[in-house]
Every structure is written in C-alpha cells, then in structure tokens.
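The values are calculated or read from the model by the stated rules, or taken from the named source; none is laboratory data. The structure displayed is predicted, hence computed values, not measured ones. All Cβ positions, glycine included, derive from the backbone under ideal geometry; neighbour counts span all protein chains shown. Note: areas computed on protein heavy atoms with side chains; ligands, DNA, RNA excluded. Shrake-Rupley method; radii C 1.70, N 1.55, O 1.52, S 1.80 Å.
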Amino acid sequence: MGDILKEILSQLPEDKISNAIFEGANIVLYTKDKDFFLNNDGTIKKVVDNIKKRVELRPDPELCMDQEKAEKLIKKIIPKDGEIGNIIFDPQRSIVIIEAEKPGLVIGKQGGFLQEIKEKSFWVPQIKRTPVIRSQLIENIRSVLYLNNDYRKKFLDKIGHRIYDGWIRGKKNEWIRLTYLGGGRQVGRSCLLLQTPESRVLMDCGIDPATQSDNSEAYPYLESPDFNIAELDAVIVTHAHLDHSGFIPYLFKYGYKGPVYCTAPTRDIMSLLQLDLVKIMRNEGKEPIYTSEEIKEVVKHTIILGYEEVTDITPDVRITLYNAGHILGSAMVHVHVGNGLHNLLYTADLKYGKTKLLNPAETKFPRLETMMIESTYGGKENVLPTREDSEQEVADIIIDTVKRKGKVLIPVLGVGRAQEIMLIVEDLVKRKMIDTIPVYIDGMVWDVTAIHTAYPEFLNNNVTKLIFHRDHNPFLNPIFKRVGSQKERTQVLEETGSCVILATSGMLMGGPSVEYLKGLCANKNNTLMFVSYQGQGSLGRRIQRGEKEFMQQGLGGKNEIYEIKLDIKTIEAFTGHSDRMQLMKYIQNCQPRPKKIIFNHGESSRCLDVASSVHKAFRVETICPRNLESVRIK
Ligand code: ZN
C-alpha cells in the first residue's frame, strides 16, 4: 500500500475503512459502515484539509442494493422529464451511471435526487448526458469504457502508485527541460516532451496532415535520443485536431500503456478523427499507421479532466486545463513543476476572441513563468478582419452562390468551423436572408456535430442560453441533412438546386471533400470556400494559389485531370487561431505576464516575426526552437 494511503488511514477511526485505493490522482476509501458513509461528521473533510488531495468515500460493494431493485428505485425517484436512458452499474466501484437527456432534472435541486439515491440504495450515482443527436461513436466509446471496468480499475490504481509512491521523498536536484519533437517553426505534428528528474511527459503527439503519409516528415521525431517510450509517464492532449492528436494511437502500437489526459469532448472527437484517418489511408490503398484496435486502447487509457480541475500526474508534475477557445473541448495546459519550482503554460492552439461557438481563451492563472504559444498567424501581415466581418463574408458568398443556383463546397476539418458555419446558415434561414436550402453534412462532420450536442456546457454563453433557457438547439434544424455514402454523395451532386456542403478533409487531402470537388469543379456557378488554414504542399493551398487543374483518381480508377472553373474564395479571418493582434493582446492581458515566451506552431518567418515584436513590446525573453532542439527552462 502507498505511503499516502497509510498516512490517511492513520488519521481515520481504525475499523471504519474496508479498502483504500487510487483512481488516478484521486484517493478512494470504502466503508462497510452505513452510518459512517452517510454521516461522518466531517472526518473525511479533515483528512482532505490535511493532505490536500482529493479523497472520496464510497460504500463498500457489500452495502450496495441489489441492482434490479436499485434500478427500480432510481426510476421512481427521478421525474419522467429527466428522460433517463441507460442505467449502468459498476459494482466494483459502487458506482451507478445514469444516462439522461436532461441531467439538470436528474440531479434535482441542490443534488436532492442524487442524495436520495445514495441514501436509499448505497450506490454512488453519476450522471452522463445523452447527446440529442444520436451518436454511435459516443455509444461505442462509453461501451469500451464500461466493458473494461476491471482493467480501468487496475490501471487507475497503478497511476496512483506512480504519482504517490515515494510521496514524502526528499528534494532532488531540480531541473526542467523541454524538447520539440514536432511543431517547432512549423504548423503540423505538434509534439513537446517535458522532462524533469522525476517525469517524462508528452504534450500533444500529432501528425502533419499536409504531408503525404508515407513520408516520415509527417510524424514527430520519436526517434530522438531524448525520447524513450518505456519511460513515458503521461500524454496530455490539448485538442482533437490531428496535428495534435493523430499520432497517439501509434504510441500504443509501440507499447505505451500509460494515461492520456484530455477533456471529454477531446477524447470523443479525436477518436473519430483518428478512425477517419485510418479509413482515408485504406481508401487510398495505403497501409494505415495504426488500426481501430489502437484507437480503442487510447480510449481505454484516457483520464478525463474538466477545465480548471487541478490534478497530479506524476510525483512532481501537476496540471490544470483551461479553455483555449479553439474548438470544442480545446485546452491550454498549465503545468506546475515541483513544489513551487516553476509554472508553464502550453497554450497549443488558442483563440483570443469570442466565436459563434466558444468563449475566448482564459487569461488568468495562479502563477506563470514560461509560456509556449502558437504563432500560426504571427506574421506582421497576419492582421485579419474582425470575426463579424468574416462571418458576414461567409454569409454573402452563400447568398451570392444561391442566387446563381450554384452549390457551395466548404472543406472543413470536421470540427470547429463546420459547426460555426452551420450556425451561420441556420441564422440566415431563420432571418429569411436566403431561401431554405439543404445543408449537407458529410459523414464525420455529422458525428462531430452530435458530440457538440453531448457537451453543451463547453459552448459559449449565447449558445448555451439558447439550448438551456429557450429550448432551441440550432443544431437540430431540419435544414441539416446527413450524407453517409458515395451513393448519397452522387445524389447531392446530381440535385439541381443550391445547397451548402460541409465535408472533410479540410485541406483537400483525400476524403469526401475531394470527391465533391471532382463533381463541382467544372461549373463556374459553384463556389469552393476555404475557411481553414491550408498547409504548405496541400491540394487546398495549391488551388488557393491559383492552380487551374488537379489530378485525381477518376471513377474508372485511372488518374484524370480536373479543370477548375468554380469560384474560389478564402475567408482568412474565419479561423480558430488568434491573429497577430490577438496574440499580442493575449500576451498583454495574461495575468501574471510570463517572463519567457516560446513560440511554436507557425511557419518559421511568422514565429520569428512575432517573437521579435513581443520581445520589443513587453521586454520578455522570446525564443523559437526548431524541431529536435531542447530548451532548459530551469
Ligand atoms: Zn488545432
């Protein structure tokens, strides 16, 4: 048993605790004493105050009511309009998971219903929201977790031991080092290795979607001598985009069995994007770099964190995720090393400005000395029009194309811009600015949208107000139609009227967006609208730069030349990244202001440009490491 558990038990009445285990950084105590469980006069709280760790008291599985009876009881206690779905028991942990469409109604005033369930059944209830758009993926993810309850229990206990064993160890010689395995002076394959005498932590592990998958430049430098997969303690994922999460299943393919920390939406969306990547590679006749088995392994090893939830991940590293405003569930990682030794913030991709979907990135932190920040739009010339202007531009282009009876194709990353555009079109239709036209949501984009409806609490105040207070969920508008197969795609292309099509991939590197382009490119009434960053070398970038034709496999399987006659539009400001002004403003408004700022996730010239301006404006040290360079932070 870990030292910290012994320490806790020594502070509690001897005969009350039947078992003490770890669930990651949380400490769980079980009791066979009903009275002690329901009313321990703050004994547990005193322990928490003493050791400053999260401690939870649960009834020993022996006390739990028979499952069938408990299920009846739960259905009796919770009012019908809570719309309960599945009720799933986790008998080893004395937990019952109640899935519901309206969690607020299930919880009851001041948690009244949950308390009643606890008192009467001796099960600890947990509520999960069922998405209002049914999502096979969310169901699959939940079932992977439920089916592996046994494994998860042991896995989480092992992590607890890693964090707490040697808890009262003396201070070591302390240092912190950061190595860029990817994402240094480039957009793509973000991967940062954080090393301390005690810990090895990866922050993000992505691919470069603009580089062909058979080129090693598409992946992080895991062959670097700094990296040893056997020593890796933890992986933290800031957000689901593949340039941050796309290589994580590969770690599991090569033997990693440790935790992956992220928010719940990030877990769900990244699984979807990874599955899609495998599918695209197969369709292109390439051997996928990993399979759905490894993606399942990632899910099995995730530890979900909410924003601003502090958690230890190793003996000397404590992390907190903060809203990054970039896509649903996107996070910045605040890293506290040692006992007050140093505080870092890895912003990853951030939007410092409100969008149609999300609140702006957080600026207040308890302490902060070093910041690693993106510079996608860090160049002097990257001052973009306002959000309102570019939203208007998107609307105008759609209105124009509809007037000439054309179709609008918007290649999207699947997550973020796609859902914002859905809200823009929904708004246009609602305000009768355009006739009611269908908005075709291709395969994966639809699933990502469903995930948005499962986590409304991650959306901005306007949208949550619509959903919770006015009972109007804009994503449920019938103009949105799902397209799932090649046959349906052909039907969409053959239809005569106007429509908007949202399809992946965002840079026209394979996927349905390329299939639609092949069908739409010859008609000048149609529009191809770029709303996201087009990586160097991608087909999207080439068309954006004015290439008039492209080669792709035709229906017969042979390569064919396609002529581009449709209208090409780029909405540059419509990005989930901060532009030059927003980056400067973000640094200016950060509290406290960091002493050292490291720029990454930007083409070389943009990294250097913003670094030099920030140095001049704020008199802080700035650097732009290249891949494989290490920075000693302390
Ligand atoms: Zn991103």
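Overview of values
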| item | result |
| --- | --- |
| All positions within the range 204-219 that are under 10 Å from residue 191 (Cβ atoms) and either part of a helix (DSSP H, G or I) or more than 16 Å from the ligand (Cβ to nearest atom) (or both) | 219 |
| Residue in the range 302-319 that is nearest to the ligand (Cβ to nearest atom), counting only those that are assigned to a strand (DSSP E or B) and open to solvent by 10 Å² or more (accessible area, probe 1.4 Å) | 304 |
| Sole exception among (1) modelled with pLDDT of 95 or more; (2) within 16 Å of the ligand (Cβ to nearest atom); (3) open to solvent by 30 Å² or more (accessible area, probe 1.4 Å) for residue 222, by number | (2) |
| Checklist (1) out of contact with any Pro (no Cβ under 9 Å at 6 or more places or on another chain); (2) under 24 Å from residue 104 (Cα atoms); (3) of a type outside the set (D, E, K, R); (4) open to solvent by 20 Å² or more (accessible area, probe 1.4 Å) applied to residue 209, failing item | (2) |
| Close pairs from the range 107-125: first closer than 16 Å to residue 81 by Cα, partner acidic (Asp, Glu) and surrounded by 15 or more Cβ atoms within 10 Å (Cβ to Cβ), Cβ under 9 Å, at least 6 apart | 108/116 |
| Evaluation of residue 377 against (1) within 30 Å of residue 565 (Cβ to Cβ); (2) within 16 Å of the ligand (Cβ to nearest atom) (one fails), failing number | (1) |
| Scan of the range 601-623 for residues that are farther than 15 Å from residue 346 by Cβ and not in a helix (DSSP H, G or I), ordered by number | 603, 619, 620, 621, 622 |
| Qualifying residues in the range 79-95 (those that are in a helix (DSSP H, G or I) and open to solvent by 50 Å² or more (accessible area, probe 1.4 Å)) - the one farthest from residue 135 (Cα to Cα) | 92 |
| Residue match in the range 345-355 (condition: more than 16 Å from the ligand (Cβ to nearest atom), touching a residue at least 24 places away in the same chain (Cβ under 8 Å) and not assigned by TED's automatic domain parsing to the domain that holds residue 519) | yes |
| Positions within the range 381-418 being away from the ligand (no atom under 16 Å from the Cβ), on the phi > 0 side of the Ramachandran plot and buried (at least 24 other Cβ atoms within 10 Å of the Cβ), in sequence order | none |
| Index of the failed condition, residue 390 passing every other in (1) at pLDDT below 95; (2) in a helix (DSSP H, G or I); (3) over 28 Å from residue 456 (Cα atoms) | (3) |
| Within the range 1-25, considering residues that are free of Cβ contacts under 8 Å to residues at least 60 places away in the same chain and in a strand (DSSP E or B), the one nearest to the chain's Cα centre (by Cα) | 20 |
| Top-ranked residue of the range 162-185 - restricted to ones that are open to solvent by 10 Å² or more (accessible area, probe 1.4 Å) and modelled with pLDDT of 95 or more, ranked as farthest from residue 375 (Cα to Cα) | 177 |
| Residue tally, condition open to solvent by 40 Å² or more (accessible area, probe 1.4 Å) and within 16 Å of the ligand (Cβ to nearest atom), over the range 573-599 | 1 |
| Cross-chain or 6+ apart pairs with Cβ under 8 Å, the range 218-241 first and assigned by TED's automatic domain parsing to the domain that holds residue 334, then away from the ligand (no atom under 16 Å from the Cβ) and basic (Lys, Arg) | 228/200; 231/200; 232/200; 233/162; 233/200 |
| Checklist (1) part of a helix (DSSP H, G or I); (2) in contact (Cβ under 8 Å) with a residue 12 or more places away in the chain applied to residue 598, failing item | (1) |
| Selection status of residue 342, within 16 Å of the ligand (Cβ to nearest atom) and out of contact with any strand residue (DSSP E or B) (no Cβ under 6 Å at 6 or more places or on another chain) | no |
| Test: residue in the range 285-297 that is more than 30 Å from residue 511 (Cβ to Cβ), of a type in the set (A, V, I, L, M) and more than 16 Å from the ligand (Cβ to nearest atom) | no |
| Flag for residue 98 being assigned to a strand (DSSP E or B) and surrounded by 18 or more Cβ atoms within 10 Å (Cβ to Cβ) | yes |
| Of the criteria (1) within 28 Å of residue 402 (Cα to Cα); (2) within 33 Å of the chain's Cα centre (by Cα), which one residue 565 fails | (2) |
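Residue-wise test of (1) open to solvent by 30 Å² or more (accessible area, probe 1.4 Å); (2) basic (Lys, Arg).
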{"residue": "430", "(1), (2)": "yes, yes"}
{"residue": "456", "(1), (2)": "no, no"}
{"residue": "465", "(1), (2)": "yes, yes"}
{"residue": "491", "(1), (2)": "yes, no"}
{"residue": "504", "(1), (2)": "no, no"}
{"residue": "517", "(1), (2)": "no, no"}
{"residue": "522", "(1), (2)": "yes, no"}
{"residue": "537", "(1), (2)": "yes, no"}
